[in-house]
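Here the structure comes first, spelled out in C-alpha cells, and everything after it is commentary.
Laboratory data are not the source of any read-out in this text; all were calculated from the coordinates shown. Remember, predicted model here, so these are calculated numbers, not experimental data. With ideal geometry, Cβ positions are generated from the backbone for all residues, glycine too; neighbour counts draw on all protein chains shown.
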Amino acid sequence: MNLSPIPKARYDAVVVGARVAGAATAMLLARAGLRVLVVERSRRGSDTLSTHALMRAGVMQLHRWGVLPRLLAAGTPPIRRTTFHYGSEPVVVDIKDRDGVDALYAPRRTVLDVVLADAAVASGAQVLYGTTVTEILRVPTGRVQGVLLTDEAGRHHRVEADTLIGADGARSTVGRAVDARVLAEGKYPGSCIYAYWQGLELDGTHWYYAPGVAAGAIPTNEGLSCVFVSMPPNRYRVQPAVALDALFQQRASECHPGLARALGGARRVGKYYSFAGRAGFLRQPWGEGWALVGDAGCFKDPITAHGMTDALRDAELLARAVIRGTTGALADYQAARDSFATEFLELSDRIASFDWDLDFLGGLHHRLSRLMARECDCVRDFDTSQRTSMKEAADRPGGYRLLGFPVTIPA
Ligand SMILES: Cc1cc2nc3c(=O)[nH]c(=O)nc-3n(C[C@H](O)[C@H](O)[C@H](O)COP(=O)(O)OP(=O)(O)OC[C@H]3O[C@@H](n4cnc5c(N)ncnc54)[C@H](O)[C@@H]3O)c2cc1C
C-alpha cells in the first residue's frame, strides 16, 4: 500500500472535505498564496449522492476559474436548452451566450469534484484523501486551533491552522464540534429516486411538475441522462412488495407522459439511488478560527438543484474573507451568503412541501429566477471588485496577493 504523505504541522487553512465547496475554496486560497491542506475521508474520484444540474452562476464560476475545459475534456455535454413542464404546459428556455458562458453543464460528481480538487493541487494546496478529521482542537479561550487526523494507514496527525474550514457536508463534523448555531430551518424534507439512462431522446434539461410529484432529466457524462423523481416522504416509503423500479416508473408516469415515453425508449445503466430526505437548515458560518461553506453551512432540499451552485459562489465569498483575515470580513461573508441562502432555503422548502398548484409553483419559480439573476450579478461583480482591488494593490509597496486569476490591471 502507498502510504499517504504526512501533513505538515501547520497551515494557513485546513479545509475538511474535497468536493465542490472544499476543493473550490482550497483552490482559491492556494491561488492567493495561502498554505492550504484539504482533508477528505473518501477516495479520489468516489461518487456521492447527488444529481448534477449546475445553474448559470455555477457555470460562470467554473469558467472564470479556468476549470471548464477540463470538464469538457471529460466528455461533459453542453446543455443549450432547458424546458419546464407545468403539467402539459411546456416553457422552453434557450441558454443565452453571456459572460463567456453559452451552455450549462451537469458533470457527474466523479468528474466535477476531481477536476476541482486537482485544480486545488495545481494551485499549491495539499489534498489528503482517505483521511478523516476525528477531533477539533481548541485553545483554552475556545478559539479553534486545528484538527486531529487519521489517515488511511491508521496514523494520527495533529495539524494546526489559522482557519479551519468545514466543507464537510450536511452532517458536518466541524459544524457540530463548534456547535454552529442554527439560524433557520426548513420543514419539508422531500424524497428522491434517481438513475442513469442511455438513449433518452430529450433535448437539453427537462423539469416536470404535477401535483405531489416532480421529476427531471439531466444530460451528463458518458452519453447518459440522470433522471430523478421527487415526492413528499409519505409518497416515497417503499413497501416491501414494491421495488424501487416500480415506484420510480409510477412517479415518472404520474408526473408526465412524455417523460414516461422517453424512459420507455431508453435503457437504464446501473442501479437506482434513493434519498429519503433531510429538512433544510442554515447555520452560523463562522466563529473564532473556523468557518463553514457549502452544505456544512446551508442545506436545502435538492428540488431546486442549487446546492452546488451555492457552494461555488460561497467558496469565493469565503476565500475572499479568509484572505482579508478579519472578523469584519467573515461577517461580510455571512451577510453575502445569507442574502442568497435565506431565500433559496425558503423557496426550496416551499417547493419541497408539494403544497402548491401549478400556478403557485410558477410564481415560486419566478422568484427563484430573479434570485438567480442577482446571483449572476454577484459572480460578475467578483471580477469588477477584483479589478478595483488590483488597482489599489498596484500602488501598494510590497503588494498583496489576490485570488490568482489571470486578470490584467487596467491602465
Ligand atoms: C439526491 C440529491 C440530489 C442533488 N442534486 C443536486 C443538483 O442537481 N444540483 C445541485 O446543485 N445540487 C444538488 N444536490 C445538492 C449537492 O449534492 C450538495 O449541495 C453538494 O454536494 C454540497 O457540496 P459540499 O462540498 O458542500 O459537500 P459534500 O458534497 O457533502 O462533500 C463533503 C465531503 O466532506 C467529507 N467529509 C465529511 N466529514 C469528514 C471528516 N470528518 N473528515 C474528512 N472528510 C470529511 C465527505 O467525505 C464529503 O466528501 C443534491 C443533493 C442530493 C442529496
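Take peptides 216-225, 25-34 and line them up by average Cβ neighbours within 10 Å, highest first, as a rough protection proxy. All intermediate terms of the calculation are to be shown ahead of the outcome.
On the way: 216-225: 21.8, 25-34: 26.0.
Going by the mean number of other Cβ atoms within 10 Å, highest first, we get 25-34, 216-225.
Using only helices, what value at 222 nm comes out for the chain when you add -39,500 (n - 2.57) per DSSP H run of length 4 or more and divide by the total residues, to the nearest 500 deg cm²/dmol?
-12000 deg cm²/dmol
Region 13-170: Rg/Rh from Cα coordinates, Kirkwood Rh? Walk me through the intermediate numbers first.
Numbers: Rg = 18.4 Å, Rh = 17.2 Å.
That ratio equals 1.07.
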By how many degrees, between 0 and 90 and to the nearest 10, does the Cα long axis of helix 20-31 differ from the longest principal axis of the chain? 30
Checking the a/c ratio against 1.5 first, then a/b against b/c, what shape does the Cα gyration tensor give for region 1-74? oblate
Treating each Cα of region 131-203 as an identical point scatterer and ignoring solvent, apply the Debye formula and state log10 I(q)/I(0) at q = 0.12 Å⁻¹. -0.55
Cβ neighbours within 10 Å, averaged per peptide: list 87-98, 179-190, 109-120 in order, most packed at the top. 109-120, 179-190, 87-98
In degrees, nearest ten, helix 109-122 long axis to first principal axis of the chain (Cα): 20
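Please sort 335-345, 57-67 by packing, taking for each peptide the average over its residues of neighbouring beta carbons within 10 angstrom, highest first. Could you put the intermediate results ahead of the total?
Details: 335-345: 18.6, 57-67: 22.3.
Packing order, densest peptide first, comes out as 57-67, 335-345.
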Convert each backbone phi in region 84-100 into a coupling constant with the Karplus relation 6.51 cos²θ - 1.76 cosθ + 1.60 (shift: θ = phi - 60°), then list the ³J(HN,Hα) values in order as whole Hz, x for Gly and Pro. 9, 10, 9, x, 8, 8, x, 10, 9, 10, 8, 6, 7, 8, 8, 6, x
For region 164-180, Karplus couplings with θ = phi - 60° (6.51, -1.76, 1.60), whole Hz, Gly/Pro x: 9, 10, x, 10, 10, x, 4, 8, 2, 5, 5, x, 6, 5, 8, 6, 4
Length-normalised contact order of the chain, Cα under 8 Å, at least 6 apart, in percent, tallies to 21
So how long is each side of the chain along the principal axes, counting just the alpha-carbon atoms, biggest first, in Å? 64, 54, 40
Tell me the angle of helix 327-352 to the major Cα principal axis of the chain, expressed in degrees between 0 and 90 and rounded to the nearest ten. 10
